[in-house]
2 protein chains.
Amino acid sequence: MAQLRIALAQVNPTVGDLDGNADLIVEWTRRAAAAGAHLVAFPEMMLTGYPVEDLALRTSFVQASQRALADVARRLAAEGLGDLPVVTGYLDRRTVSLVRAGQPAGSPLDAAAWLHGGEVLVRSAKHHLPNYGVFDEYRIFVRGDRLPVVRVHGVDVATAVCEDLWQDGGPVGVTGEAGAGLLLAINASPYESDKDDVRLELCAQRAREAGCAVAYVNMVGGQDELVFDGDSIIVGADGTLLARAPQFTEHLLVADLALPGASARVPEGLTPIDALDGTTITVDRRVLSADPLPAYPVEPQECAEPLDDLAEIYGALVLGTRDYVRKNGFRSVILGLSGGIDSALVATIASDAIGPDRVHAVLLPSRYSSDHSVSDAEELAKRQGLHARTVPIAGMVEAFEAELDLHGLAAENLQARIRANVWMGLSNEEGHLVLTGGNKSELATGYSTLYGDSAGGFAPIKDLVKTTVWDLARWRNAAAGAGAGLPFLHPFATAPIPEAIIVKEPSAELSPGQKDSDSLPPYSELDPLLVDYVEHDMGRDALIAAGHDAALVERVIRLVDLAEYKRRQYPPGPKVTPKNFGRDRRVPITTRWREPAAD
Amino acid sequence: MAQLRIALAQVNPTVGDLDGNADLIVEWTRRAAAAGAHLVAFPEMMLTGYPVEDLALRTSFVQASQRALADVARRLAAEGLGDLPVVTGYLDRRTVSLVRAGQPAGSPLDAAAWLHGGEVLVRSAKHHLPNYGVFDEYRIFVRGDRLPVVRVHGVDVATAVCEDLWQDGGPVGVTGEAGAGLLLAINASPYESDKDDVRLELCAQRAREAGCAVAYVNMVGGQDELVFDGDSIIVGADGTLLARAPQFTEHLLVADLALPGASARVPEGLTPIDALDGTTITVDRRVLSADPLPAYPVEPQECAEPLDDLAEIYGALVLGTRDYVRKNGFRSVILGLSGGIDSALVATIASDAIGPDRVHAVLLPSRYSSDHSVSDAEELAKRQGLHARTVPIAGMVEAFEAELDLHGLAAENLQARIRANVWMGLSNEEGHLVLTGGNKSELATGYSTLYGDSAGGFAPIKDLVKTTVWDLARWRNAAAGAGAGLPFLHPFATAPIPEAIIVKEPSAELSPGQKDSDSLPPYSELDPLLVDYVEHDMGRDALIAAGHDAALVERVIRLVDLAEYKRRQYPPGPKVTPKNFGRDRRVPITTRWREPAAD
């Protein structure tokens, strides 16, 4: 066996910030060198950020990425880091471009490079292009067909990109036949609940198939609706977990591995191998250092404990919110605080994300607001130390009523829109990003006012059904002062959310005595049905067979289908479930399709 | 040569309305039979409407389509139409489903069927799946691999689906070798400006390649952001145009063709042919009627004149607006009428789409509105016979000012949002769909108020740059009373748009003496630059090389890139250019990418 200390740089690049991302590569390579690593790896599309979407089709952007890669290689060498091999993702293109109707313009590649000695040693690109869920990669990339295998201190290290690990065949399929001692996969794999378990199992499976250790480095950070959770992993050839990085934070995962020494007989050069998926993968062998290192003392392995389910979701919301604020150049947020649970949780997420001193709350009481709404909101602002102000809306409502004769829903919506007009005005005047309080149960059923409560720049809890909103509020209160030690929590000494807000019956307070239950089924019945219909794509019959009430199924399906026009104009928010109401679920606005009644 | 009278049913289905779409098939088959046709063809995905997006992944929806196909075949026979072969598009799935990560659930097919004698004679499916521009078909379909060739009155008729005509190889590539006498392509091909010329040239090219006539039937109608323009076409084997249907209206295009008789030697059954694109296509031969018809007298061919460029765009806007209103179950629209050109054109499009008696205009003067704004808006409402009312907003603005101290842009946006609150309130109270007046120049540069002028349900001119707005207004006025004879124009006797509205300098009138030119470059310079940057994906250097002013390029690129968050919350509107701000251009909200300065 040969020893190798590898460093996985789980870092947070920003889409389009090629200079800043290059700085991250230099900075974290320096840290890896200081830790005595022999090889350092960065995530997929590290230099450009991910996902770049149609920017990949712009020639100037591809060229900038190519230049940035060459520049960072030279810079590493200039700063004395040229001897440490660096593997990183970037955007490249095929030299011979295939011009054909409907093919991605310029033939872009989701590429990986080994940098060494101030130069690019070898390049490859993702072979399997995901085109499902949030991914649209057939639109913007063409396939790679190469598996680089680089000998580092006598170990043959193969590199692959993200989806190639998830699909059978392709570069990962030939890793075993190529005789690699380590498979290094670079990733930009977005968070969704329970995905950490799937990833670990996948790495273990591929390790056993290829007969070699697998090192998996993932991106961390928020990008529009996606949150990358990190959770970088190293498993042995038998699938045993060896090392794991924490979620939702930048981290250098350093591990000492004992790996099989490479066969001296295999020469450098290109070897085509049938990938058994209808394609041929060319193994591209290079030798950086042929001989194993002299034995050295091993450092203790680091293996972060996975977070529990609620902690994990909460971490994703905090990181997604923080990065949306920061990467869009905002320094503060504003939100309407109603005294209800949704805005209370959003305010708390904001406090955790950017600190309560940068959170501005507006209380907007109307003639229908209950006394406890105002006092509960005030209590929350006080506990967290938010900036809070009160703007009564009664006079504005009366000014509209002087010109318009509105009733029922129209009169209710008027109030919600006046509130939005106030916080949008304060946002425009003072420069805060507006946070929106809507949850997934509301988005699903259309129980919200277009341009009212649904207005804003970012909607932190839009992918949480209401019952999860309550669960997270209780979880967050329990974590306060309990020494949970989670890096994404502000150190509140006591529960940040008043208990009264958690236990009260939900109400929009837009008409006298109004309750959510006047318009919606109980959330305990609604939410599981929404999950099955929206996230699992179950049809009417399947929903009833799964135990949902038949009349409720009819009613809820209809509500969900009719509310699509509202969802299209909803602000972005972090995806935390397997299917959100963002780019993940694509249905027509105009459709007469209704799930058929049972035969 | 053998004679054949074919009928292309250019009809307007609705997504999800399987019963209604089946009714259309029966009704138009009856018309084709009455016209003496020997074969009738309907568009791609006729039974389900197009595009169905992720509905294709729902088992209940696929099964409903399969049942609807069998039902309509039986119904045609029951109504005495079973002898007339019918070709139609529908949604099907592969019998043996490929379950694999990232593959479309249930293996759906964008399918075509021949119906005859109450049964489904033969099925096939689209081979080339478009996954660019507005299309995402790798997400929802798997490939077909069959070319049906059906002998009708001694002519071998091959059928293909839409994209198969646009790509080399695949079913269309083997049509010549299969010896077809006619290639029938069924389509759901969305409109964009000048696409009619491209389609004709494409049909002519494929006819010459395959050595046979090509009949091209297209869908017509609006579906969310897409407009299908019809423009069904028949060309001879030498590429000569033989018959053409009008755009933007349902139509039965009937043509008598003289076609080569089929070779008697070729037996029924399956023949695999190498499609020279890495795939094998199986030719599936069937015989309905082996012998040519006795000679019969030929009807005169019908060949609609293509519309000129502005007429074509206007037709698309009217049809897109009409169908969005109708298919979503609205009977009327409401819009704010400012006295400016944008709302004037939108009102006129609405009058043409659904009749002026169903168009409700609101005049919302503020302290900054000029006298001519009000009088010009009133004059337009009078000329067109709209329902008009005036709701002054000064009192509402004052009520906000009593509580908030807003300045500059924040104060301007407040007024725009109060206006939106009024028309949204009237929409909620009275049930009208809100039309939004924003144009593409505004969307591109972010020159609009989120939840203000950008609020509404449908934005008819969101894909028109400002100079095209003026061009269309002049064109529409010229078409009035001039007997243009276009089916999508309301018969106004005189110019529907007051000249004063067309010639005035554009202004948002949100602050004293405000003009668009205070904030934006002249539209004559801005608009061509936007087209090159947004629609042609040209980078900074390419834009300057194309003659755009360097400083203007820097400024406009920055404006466009920063306004993405606003565009994400904009209502849908009909796509009429090669690239709109809908699902067609996908860029991140959060990005630090700025086109680099020249070296």
Top-ranked residue of region B:141-168 - restricted to ones that are part of a strand (DSSP E or B) and in contact with a Gly (Cβ under 6 Å, 6 or more places away or on another chain), ranked as farthest from the other protein chains (Cβ to nearest Cβ): B:VAL155
Across region A:582-594, what is the number of residues that are more than 7 Å from chain B (Cβ to nearest Cβ), buried (at least 18 other Cβ atoms within 10 Å of the Cβ) and closer than 24 Å to B:VAL325 by Cα? 0
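Could you please give the count of residues in region A:327-360 that are under 22 Å from A:GLN223 (Cα atoms), among the small types (Gly, Ala, Ser) and part of a loop (DSSP other than H, G, I, E, B)?
Just the residues of region A:327-360 that are under 22 Å from A:GLN223 (Cα atoms), to begin with: A:327-335, A:345-355, A:358-359.
From what's left, among the small types (Gly, Ala, Ser): A:329, A:332, A:347, A:350-351, A:353, A:355.
Checking the rest, the ones that are also part of a loop (DSSP other than H, G, I, E, B) come to A:329, A:332, A:355.
Qualifying residue count for the region: 3.
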Would you be able to tell me the number of residues in region B:394-421 that are surrounded by 23 or more Cβ atoms within 10 Å (Cβ to Cβ) and of a type in the set (Val, Ile, Thr)? 1
Only unsatisfied item for B:GLY483, checking (1) surrounded by fewer than 22 Cβ atoms within 10 Å (Cβ to Cβ); (2) modelled with pLDDT of 95 or more; (3) more than 23 Å from the chain's Cα centre (by Cα), is (2)
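Every residue, every condition in (1) more than 14 Å from every other protein chain (Cβ to nearest Cβ); (2) without any contact (Cβ under 8 Å) to a residue 12 or more places away in the chain, yes or no:
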| residue | (1), (2) |
| --- | --- |
| B:GLN3 | yes, no |
| B:ASN12 | no, no |
| B:GLU27 | yes, yes |
| B:ARG30 | yes, no |
| B:ALA34 | yes, yes |
| B:VAL86 | yes, no |
Determine the pairs where a residue that is more than 7 Å from every other protein chain (Cβ to nearest Cβ), located within region A:402-414, has a partner that is surrounded by fewer than 17 Cβ atoms within 10 Å (Cβ to Cβ) with Cβ atoms under 7 Å apart, the partner being 6 or more residues away or on another chain. A:GLU412/A:SER511
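How many of the residues in region B:497-550 are of a type in the set (D, E, K, R) and either assigned to a loop (DSSP other than H, G, I, E, B) or touching a Gly at 6+ places or on another chain (Cβ under 7 Å) (or both)? So that I can check it myself, show each step before the final result.
Initially, region B:497-550 is screened for residues of a type in the set (D, E, K, R), giving B:499, B:504-505, B:509, B:515-516, B:518, B:525, B:527, B:532, B:535, B:537, B:540-541, B:549.
So of that shortlist, the ones also either assigned to a loop (DSSP other than H, G, I, E, B) or touching a Gly at 6+ places or on another chain (Cβ under 7 Å) (or both) come out as B:504-505, B:509, B:515, B:537, B:549.
Of the residues in region B:497-550, 6 are of a type in the set (D, E, K, R) and either assigned to a loop (DSSP other than H, G, I, E, B) or touching a Gly at 6+ places or on another chain (Cβ under 7 Å) (or both).
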Checking the structure you have, find out if any residue of region A:94-101 is touching a Leu at 6+ places or on another chain (Cβ under 7 Å), under 30 Å from B:PRO108 (Cα atoms) and within 14 Å of chain B (Cβ to nearest Cβ). no
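Suppose the filter is surrounded by fewer than 24 Cβ atoms within 10 Å (Cβ to Cβ), at pLDDT 95 or above and either touching a strand residue (DSSP E or B) at 6+ places or on another chain (Cβ under 7 Å) or assigned to a loop (DSSP other than H, G, I, E, B) (or both); does B:LEU319 pass it? Steps first, please.
Details: surrounded by fewer than 24 Cβ atoms within 10 Å (Cβ to Cβ): no; at pLDDT 95 or above: yes; either touching a strand residue (DSSP E or B) at 6+ places or on another chain (Cβ under 7 Å) or assigned to a loop (DSSP other than H, G, I, E, B) (or both): yes.
Taking the combined requirement at face value, the residue does not satisfy it.
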Would you please list the contacts, defined by Cβ atoms under 6 Å and residues six or more apart or on different chains, that run from a residue in region A:489-507 that is closer than 30 Å to A:SER519 by Cα to a residue that is at pLDDT below 95 and part of a helix (DSSP H, G or I)? A:PRO506/A:ASP516
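Restricting to region A:414-472, name every residue that is among the β-branched types (Val, Ile, Thr) and in contact with a Ser or Thr (Cβ under 7 Å, 6 or more places away or on another chain). Spell out how you get there, then give the answer.
The initial filter retains those residues of region A:414-472 that are among the β-branched types (Val, Ile, Thr), namely A:418, A:422, A:434, A:436, A:445, A:449, A:461, A:465, A:467-469.
A:VAL434, A:THR436, A:VAL465, A:THR467, listed by residue number.
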I need the full set of residues from region A:519-570 which are out of contact with any His (no Cβ under 9 Å at 6 or more places or on another chain), charged (D, E, K, R) and away from chain B (no Cβ under 13 Å), in order please. A:ASP527, A:ASP549, A:GLU554, A:ARG555
Tell me which of these A:GLY16 doesn't satisfy, since it passes every other one: (1) away from chain B (no Cβ under 12 Å); (2) of a type in the set (Gly, Ala, Ser); (3) outside any strand (DSSP E or B). (1)
Being surrounded by fewer than 16 Cβ atoms within 10 Å (Cβ to Cβ), small (Gly, Ala, Ser) and in contact (Cβ under 8 Å) with a residue 40 or more places away in the chain: is that true of B:ALA243 here? no
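Looking at region A:382-427, which of the residues that are among the small types (Gly, Ala, Ser) and not in a helix (DSSP H, G or I) is nearest to A:ALA455 (Cα to Cα)?
So the first thing to find is which residues in region A:382-427 are among the small types (Gly, Ala, Ser), and the list is A:385, A:388, A:394-395, A:399, A:402, A:408, A:410-411, A:416, A:420, A:425, A:427.
If we keep only those that are not in a helix (DSSP H, G or I) as well, we get A:385, A:388, A:402.
Numbers: A:GLY385: 24, A:ALA388: 19, A:ALA402: 25 Å.
In this case the residue turns out to be A:ALA388.
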Residues located in region B:246-268, provided they are surrounded by fewer than 16 Cβ atoms within 10 Å (Cβ to Cβ) and touching a Lys or Arg at 6+ places or on another chain (Cβ under 6 Å): B:GLU268
Name the single residue that is nearest to the other protein chains (Cβ to nearest Cβ) among those in region B:356-393 being of a type in the set (A, V, I, L, M) and out of contact with any strand residue (DSSP E or B) (no Cβ under 7 Å at 6 or more places or on another chain). B:ILE393
Restricting the first residue to region B:198-213 and requiring it to be within 13 Å of B:ILE234 (Cβ to Cβ), which pairs with a second residue that is surrounded by fewer than 20 Cβ atoms within 10 Å (Cβ to Cβ) and modelled with pLDDT of 95 or more meet a Cβ separation below 6 Å and a spacing of at least six or different chains? B:ALA204/B:GLY239; B:ALA207/B:ALA237; B:ALA207/B:GLY239; B:CYS212/B:ALA237; B:ALA213/B:GLY236; B:ALA213/B:ALA237
In region A:328-338, which residues are crowded, with 24+ Cβ neighbours inside 10 Å and under 21 Å from the mean Cα position of the chain (by Cα)? A:VAL333
A:THR280 vs (1) in contact (Cβ under 8 Å) with a residue 60 or more places away in the chain; (2) crowded, with 17+ Cβ neighbours inside 10 Å: all pass except (2)
Scope region A:37-70; condition within 19 Å of A:GLY117 (Cβ to Cβ) and either more than 14 Å from every other protein chain (Cβ to nearest Cβ) or among the hydroxyl-bearing types (Ser, Thr, Tyr) (or both); matching residues: A:ALA37, A:HIS38, A:LEU39, A:VAL40, A:ALA41, A:PHE42, A:LEU69, A:ALA70
For region A:179-205, which positions are out of contact with any helix residue (DSSP H, G or I) (no Cβ under 9 Å at 6 or more places or on another chain) and among the small types (Gly, Ala, Ser)? A:GLY179, A:GLY181, A:ALA188, A:ALA204
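Residue by residue, here is whether (1) crowded, with 19+ Cβ neighbours inside 10 Å; (2) in contact with a Ser or Thr (Cβ under 6 Å, 6 or more places away or on another chain); (3) not aliphatic (A, V, I, L, M) holds:
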| residue | (1), (2), (3) |
| --- | --- |
| A:MET538 | yes, no, no |
| A:ALA551 | no, no, no |
| A:LEU562 | no, no, no |
| A:GLN569 | yes, no, yes |
| A:PRO596 | no, no, yes |
Confirm whether B:GLY118 is surrounded by fewer than 18 Cβ atoms within 10 Å (Cβ to Cβ) and touching a Gly at 6+ places or on another chain (Cβ under 6 Å). yes
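The values are calculated or read from the model by the stated rules, or taken from the named source; none is laboratory data. Owing to the predicted nature of the structure, the values given are computational and were not obtained by experimental measurement. A quick note on method: Cβ atoms are made from the backbone with ideal geometry, for glycine too, and the neighbour counts reach across all protein chains shown.
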